[in-house]
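The values are calculated or read from the model by the stated rules, or taken from the named source; none is laboratory data. Computed from a prediction, not measured in an experiment: that's the story for all the values here. Here Cβ is always computed from backbone atoms with ideal geometry, including for glycine, and neighbour counts include all displayed protein chains. These accessible areas exclude ligands, DNA and RNA; they are computed on the full protein's heavy atoms, side chains included. Shrake-Rupley method; radii C 1.70, N 1.55, O 1.52, S 1.80 Å.
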Amino acid sequence: QVQLVESGGGLVQAGGSLRLSCAASGRTFSSYVMGWFRQAPGKEREFLVDISRRGLSTDYADSGKGRFTISRDNAKNTVYLEMNSLKPEDTAVYYCAARGQDSLSRQSHDYDYWGQGTQVTVSS
């Protein structure tokens, strides 16, 4: 069982930056592929990026490529999402998720545990 808690969301102006954190409970954090998703009002949950267990591999969706950076610190049981050059269309609730299988995946149904989400609002 893994519990995930996101933090770092907030209100930022267009062009600004935010760093999201997702802290995981338990001692098996390094056994999970970690992903970031987001969901805007009235839209489906969208994959952003995921990172392999040791952080050696990542996969970015086009929406965040070049602007978002995922990283993880297994010693701190935490995964991060650095977001730069934010746009109003990045406004959404951002979720981290953990996947027990040892492969990257863009499919939300492949993830076993989810955080409660953190709101990111980008003003124009």
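Consider Ala23 carefully, then state whether it is in contact (Cβ under 8 Å) with a residue 40 or more places away in the chain and either farther than 17 Å from Gly115 by Cβ or out of contact with any strand residue (DSSP E or B) (no Cβ under 9 Å at 6 or more places or on another chain) (or both).
When the stated conditions are applied, Ala23 does not pass them.
Residues to consider are Asp50, Asp73, Asp62; find the one that is more than 27 Å from Ser123 (Cβ to Cβ) and loosely packed, with under 15 Cβ neighbours inside 10 Å.
Asp73
Could you pull out the residue among Leu56, Leu104, Leu48 that is assigned to a strand (DSSP E or B) and at negative phi?
Leu48
Considering the stretch 9-41 alone, what residues qualify as being open to solvent by 30 Å² or more (accessible area, probe 1.4 Å) and among the charged types (D, E, K, R)?
Arg19, Arg27
Any residue in the stretch 71-81 that is free of Cβ contacts under 8 Å to residues at least 60 places away in the same chain and in contact with a helix residue (DSSP H, G or I) (Cβ under 7 Å, 6 or more places away or on another chain)?
Among the residues of the stretch 71-81, at least one is free of Cβ contacts under 8 Å to residues at least 60 places away in the same chain and in contact with a helix residue (DSSP H, G or I) (Cβ under 7 Å, 6 or more places away or on another chain), which makes the answer yes.
Are there any pairs, at least 6 apart or on different chains, whose C-beta atoms fall under 9 Å, with the first in the stretch 46-68 and over 17 Å from Val33 (Cα atoms) and of a type in the set (Lys, Arg) and the second open to solvent by 30 Å² or more (accessible area, probe 1.4 Å) and in a loop (DSSP other than H, G, I, E, B), and if so, which?
From the stretch 46-68, the pairs are Arg67/Asn84; Arg67/Ser85; Arg67/Lys87.
May I ask you to say which residue of Glu6, Glu44 is closer than 23 Å to Thr91 by Cβ and surrounded by fewer than 15 Cβ atoms within 10 Å (Cβ to Cβ)?
Answer to the check: Glu44.
Against the definition (among the polar types (S, T, N, Q), surrounded by fewer than 14 Cβ atoms within 10 Å (Cβ to Cβ) and in contact with a Lys or Arg (Cβ under 8 Å, 6 or more places away or on another chain)), how does Ser85 come out, yes or no?
yes
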